1. Looking at the stretch 319-332, can you tell me whether even one residue there is among the aromatic types (Phe, Trp, Tyr) and within 29 Å of residue 111 (Cα to Cα)?
2. Among the candidates 260, 217, 244, 233, single out the residue that is at pLDDT below 90 and either touching a helix residue (DSSP H, G or I) at 6+ places or on another chain (Cβ under 8 Å) or not aromatic (Phe, Trp, Tyr) (or both).
3. Is it the case, given these coordinates, that residue 365 is within 22 Å of residue 327 (Cα to Cα) and assigned by TED's automatic domain parsing to the domain that holds residue 228?
4. Out of contact with any helix residue (DSSP H, G or I) (no Cβ under 6 Å at 6 or more places or on another chain), among the hydroxyl-bearing types (Ser, Thr, Tyr), in the same structural domain as residue 48 (by TED's automatic domain parsing) and part of a loop (DSSP other than H, G, I, E, B), is that true of residue 131?
5. Need pairs with beta-carbon distance below 6 Å; first residue assigned by TED's automatic domain parsing to the domain that holds residue 155 and within the stretch 56-68, second among the acidic types (Asp, Glu) and in a helix (DSSP H, G or I); sequence gap 6+ or separate chains.
6. When the stretch 326-349 is examined, which residues are found to be part of a helix (DSSP H, G or I), of a type outside the set (A, V, I, L, M) and either out of contact with any Asp or Glu (no Cβ under 9 Å at 6 or more places or on another chain) or in the same structural domain as residue 428 (by TED's automatic domain parsing) (or both)?
7. Quick check: is even one residue across the stretch 247-260 more than 29 Å from residue 422 (Cβ to Cβ), surrounded by 21 or more Cβ atoms within 10 Å (Cβ to Cβ) and assigned by TED's automatic domain parsing to the domain that holds residue 457?
8. Here are some conditions: (1) aliphatic (A, V, I, L, M); (2) farther than 21 Å from residue 155 by Cβ; (3) assigned to a helix (DSSP H, G or I). Residue 43 meets all but one. Which one does it not meet?
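The values are calculated or read from the model by the stated rules, or taken from the named source; none is laboratory data. This is a predicted model, so every value here is computed, not measured. Reconstructed Cβ throughout: ideal geometry from the backbone, glycine too, with neighbour counts over all protein chains shown.
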Amino acid sequence: MVFSSHLFLFYFLPLVLAVSLLAPRRVWLGVLAVFSYVFYGWANPAFMLLMMLSTVIDYACGRWLAREGDRRRLHHITHRTGQEKAAVWVSVATNLSLLGFFKYFNFAAENYRALTTQLGWAQPDFFLEVTLPLGISFYTFQSMSYTIDIYRGHAQPMKSFAGFAAYVSMFPQLVAGPIVRFQTVARQLRRPDRTWSAFARGVACFSLGLGKKVLIANPCGKVADTMFGAADAGVLESWLGMFAYSFQIYFDFSGYSDMAIGLGLMLGFRFPINFNSPYRAHSITDFWQRWHITLSTWLRDYLYIPLGGNRRGDLRTYANLLTVMFLGGLWHGASWNFVLWGTVHGLLLGAERAAPRRSLWSGLPRFGQIALTFTIVSLAWVLFRAPDLTGALEFYARLFGLSGGGELSALVAGLVWKPLFLVTMTVAALLVWLGPTTMDWTRHLTAAKAAWVLAVFWFSALMLGVQKFNPFIYFIF
């Protein structure tokens with residue numbers, strides 16, 4: 001089940017909201033967990049078992065850490081005990097093993113087959129074809145951080161299993177983020193922060209996020225898909241297709257994050273923001289402080305800093321940046337394209353850090369830095385969008401006039417130069433570089449804003465009925 005569907009908008013969500021208002025507080029978290037499991041398992045009920053396994057193990061490890069922490073304090077032991085270290089390692093190893101197997105088994109098998117073919121060895125016969133569970137990258141990171149934070153003393157363990165299950169499975173942010181750390185919502189899990197003003201803001205955030213997804217991301221995505229598959233596309237059409245994908249992934253991802261934050265507010269939870277106008281960034285470093293913020297801070301706190309961060313000299317800092325971005329790329333998907341995409345961003349971050357304070361880049365006006373950063377990020381998105389490395393190289397060749405450029409097919413020409421697409425691209429650009437963020441715009445709601453929110457919601461719901469193109473691009477995550 002996805003947010004941008006009539007099933008969710010007019011059946012599932014109203015039922016959840018009605019029950020949230022009527023259910024006694026003592027049973028609400030259990031009820032929320034049940035709804036979340038139904039939401040998650042709607043397409044494939046088997047996925048629920050995997051999430052439950054991860055939840056049970058991390059809950060047990062949290063209780064184990066709590067017991068050992070109490071015993072350590074009782075006996076005035078100042079260092080972490082072996083039992084505590086074992087508990088956190090069980091949690092980390094379990095989550096990474098689940099993520100590694102379900103997300104990367106097929107990738108490893110394909111590469112092993114390719115290697116044996118090159119070496120002339122007998123072809124292995126893999127009898128498994130693993131299906132990737134939706135959202136496994138998000139909930140394993142979220143659940144794993146729970147035990148790590150307890151071990152570090154940054155969080156207190158959840159006594160209620162139903163409450164912890166609700167935290168791990170919470171449907172608003174389960175399959176597309178933001179990644180919510182336990183301490184962020186720990187107090188709200190015990191006492192949800194429900195007010196009518198928060199509910200109204202939640203409705204506004206959700207409606208605007210739905211509009212981003214349906215009215216901007218989907219039309220841009222249709223053109224991007226066509227351009228990435230059009231061998232006859234010329235230079236101008238290819239660049240428009242690349243920028244269309246840049247807008248698609250931003251409005252799709254930030255739209256889902258807005259919807260998740262809005263749903264959280266309706267249910268009494270305050271989730272962290274995940275996007276802060278990333279295409280207004282004036283450098284790659286600035287971009288990663290604005291894009292997918294909950295992932296970048298997760299990687300910083302649980303990987304970059306433990307590796308040594310920037311405290312062990314320049315060479316170690318560059319190596320740490322490259323390692324973190326390499327793994328960040330691999331987290332996004334089991335493909336060499338994602339690995340290369342993350343590596344490119346790691347190299348760019350290192351290059352920015354190594355650049356002298358006075359450089360050609362620093363001499364550019366701010367709008368020039370923003371434009372070049374957006375272009376560089378968009379060029380890297382080609383790796384993210386192309387089906388494989390060959391497809392990426394072919395698209396880069398079309399971008400720079402090294403291939404393609406023949407007579408455009410009627411389909412390609414009709415999509416790219418269609419007035420509706422050009423208007424959509426213009427609106428997207430205005431929102432990206434001049435519009436306020438959703439969180440800023442909804443901070444103070446007025447009657448005029450409420451009317452606009454209502455119009456966006458109903459127009460988006462109507463468009464869902466006629467749109468045949470409504471992809472869920474987070475399946476690969």
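1. Filtering the stretch 319-332 for residues among the aromatic types (Phe, Trp, Tyr) gives 326, 331.
Next cut, within 29 Å of residue 111 (Cα to Cα) only: 326, 331.
Yes; the residues of the stretch 319-332 include at least one that is among the aromatic types (Phe, Trp, Tyr) and within 29 Å of residue 111 (Cα to Cα).
2. When all the criteria are applied, what remains is 233.
3. Judged against the criteria, residue 365 is not a match.
4. yes
5. Partner pairs satisfying both residue conditions: 65/84; 68/84.
6. Correct list: 326, 328, 329, 331, 332, 338, 341, 342, 343, 345, 346.
7. Filtering the stretch 247-260 for residues more than 29 Å from residue 422 (Cβ to Cβ) gives 260.
Remaining after also requiring surrounded by 21 or more Cβ atoms within 10 Å (Cβ to Cβ): 260.
Okay, now just the ones that are also assigned by TED's automatic domain parsing to the domain that holds residue 457, so 260.
Yes, because at least one residue in the stretch 247-260 is more than 29 Å from residue 422 (Cβ to Cβ), surrounded by 21 or more Cβ atoms within 10 Å (Cβ to Cβ) and assigned by TED's automatic domain parsing to the domain that holds residue 457.
8. (3)
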